[in-house]
Amino acid sequence: MDPTQELVIIRGGGDLATGVAYRLHRAGFPLIVLELPQPLVVRRTVALATAVLDGSVQIEDLHGQLAHAVPEAEHMAAGNTVP
């Protein structure tokens with residue numbers, strides 16, 4: 001079994017979690033980032049949590065987008081977007 005086919009779920013989309021998400025995404029893992037409705041993120045320019053507030057975020061070659069439902073998040077994770 002190829003480990004990069006396993007869905008990775010990261011709890012929190014702050015700057016540190018975004019760094020982890022970035023490396024996993026580059027390694028080919030599909031992933032979903034969970035975040036609060038009102039994120040407590042400080043470094044918004046380098047955090048996937050910004051997508052909750054703005055709808056989407058681009059951090060280098062990593063694109064994050066807000067998903068409103070689980071099927072939508074699964075579809076994004078299978079592509080090149082981090083929900």
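Some notes on this structure:
- Counting DSSP beta bridges with both ends in the chain, the antiparallel % (nearest 5): 40
- In order along the range 18-35, phi translates into HN-Hα couplings of 5, x, 5, 4, 4, 5, 5, 4, 5, 7, x, 7, x, 8, 10, 10, 9, 8 Hz, rounded to whole numbers, per the Karplus curve 6.51 cos²θ - 1.76 cosθ + 1.60 with θ = phi - 60° and x for Gly and Pro.
- Summing Cβ point charges (Lys, Arg +1; Asp, Glu -1) relative to the Cα centre of the range 3-82 gives a dipole of roughly 200 debye.
- Values [x] -0.42, -1.33; [y] -0.51, -1.28; [z] -0.33, -1.47 are given for comparison; log10 I(q)/I(0) by the Debye sum over Cα atoms at q = 0.13, 0.27 Å⁻¹, derived from the coordinates here, is the one labelled [z].
- The calculated 222 nm mean residue ellipticity attributable to helices in the chain amounts to -8500 deg cm²/dmol, summing -39500 (n - 2.57) over DSSP H runs of n ≥ 4 and dividing by all residues.
- Here the Karplus relation 6.51 cos²θ - 1.76 cosθ + 1.60, evaluated at θ = phi - 60°, turns the backbone of the range 68-81 into coupling constants of 9, 8, 4, x, 5, 5, 4, 5, 5, 4, 6, x, 10, 10 Hz, with x for every Gly and Pro.
- Distances between placed amide hydrogens fall under 5 Å for His63 paired with Val82, all partners being 5 or more residues away or on another chain.
- The residues neighbouring Arg26, those whose beta-carbon lies less than 10 Å from its own, together hold a net charge of -1 under the Lys/Arg +1, Asp/Glu -1 convention.
Bear in mind these aren't lab numbers, they're just calculated from the coordinates by the rules spelled out. Note that the structure is a prediction, hence the values are computed from the model and not measured. As a convention, Cβ positions derive from the backbone with ideal geometry for all residues, glycine included, and neighbour counts pool all protein chains shown.
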